[in-house]
Amino acid sequence: MSRLLFVNMPVKDVAATRAFFSGLGFEFNDMFSDENTVSMIVSDSATVMFLNEPRFGDFIADDICDTSKAREALMCVSADSREEVDTFVDAAIAAGGSKWMEPQDHGFMYGRAFRDLDNHVWEVMWMDPAATVPSSNAEQQQQQ
């Protein structure tokens, strides 16, 4: 079974959030967007719903996380190359986001992260597709 993923995140300013992520190349589903909510398409199976804080509060029974002090989640989006990781994160910082942590370089995997306008952390990660293919030795061990 294939499932869809909908992530809901509180924001202070829906219009500013839409402009920020639009500048990073994301598209939006206007059918599910209004003055309180913006629906950002990540892929055919993943959508991020940014809700202004009062609207987000309608869906929870406790407090909204203070993202200046704590992480409620780490969002991670893929990139097609190491260069695209750097281009994406640099664009996010230039658009008003801020740097978060140092780049992570594991050779076969490279990532950087930024905080958006509401301090939500977004990682951008590239992984060498060859690293996901099991070696023949690993395959032989699995068959035993």
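The values are calculated or read from the model by the stated rules, or taken from the named source; none is laboratory data. Source: prediction; values computed, not measured. Cβ coordinates were reconstructed from backbone atoms using ideal geometry, including for glycine residues, and neighbour counts include every protein chain displayed. What goes into the accessible areas is simple: the full protein's heavy atoms, side chains included, and nothing from ligands, DNA or RNA. Shrake-Rupley method; radii C 1.70, N 1.55, O 1.52, S 1.80 Å.
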Counted charge near VAL11, where neighbours are those whose Cβ lies closer than 13 Å (Asp, Glu -1; Lys, Arg +1): -2
If DNA, RNA and ligands are ignored and the probe is 1.4 Å, what is the ranking of ASP30, ASP128 by accessible area, most exposed first? ASP30, ASP128
Give the relative contact order (percent, whole number) for the chain; include only Cα pairs under 8 Å separated by 6+ residues. 20
In square angstrom, rounded to the nearest 10, how much accessible surface does LEU4 have for a 1.4 Å probe? 110
At a probe size of 1.4 Å, how large is the accessible area of GLU123, to the nearest 10 Å²? 60
Over 23 Å [Cα-Cα, the chain], rounded percent: 43
Taking 22 Å as R0, compute the FRET efficiency from the Cβ-Cβ separation of ASN29 and SER78 and round it to 0.05. 0.60
Measure of exposure for LYS99: accessible area at 1.4 Å probe, Å² rounded to 10, is 110
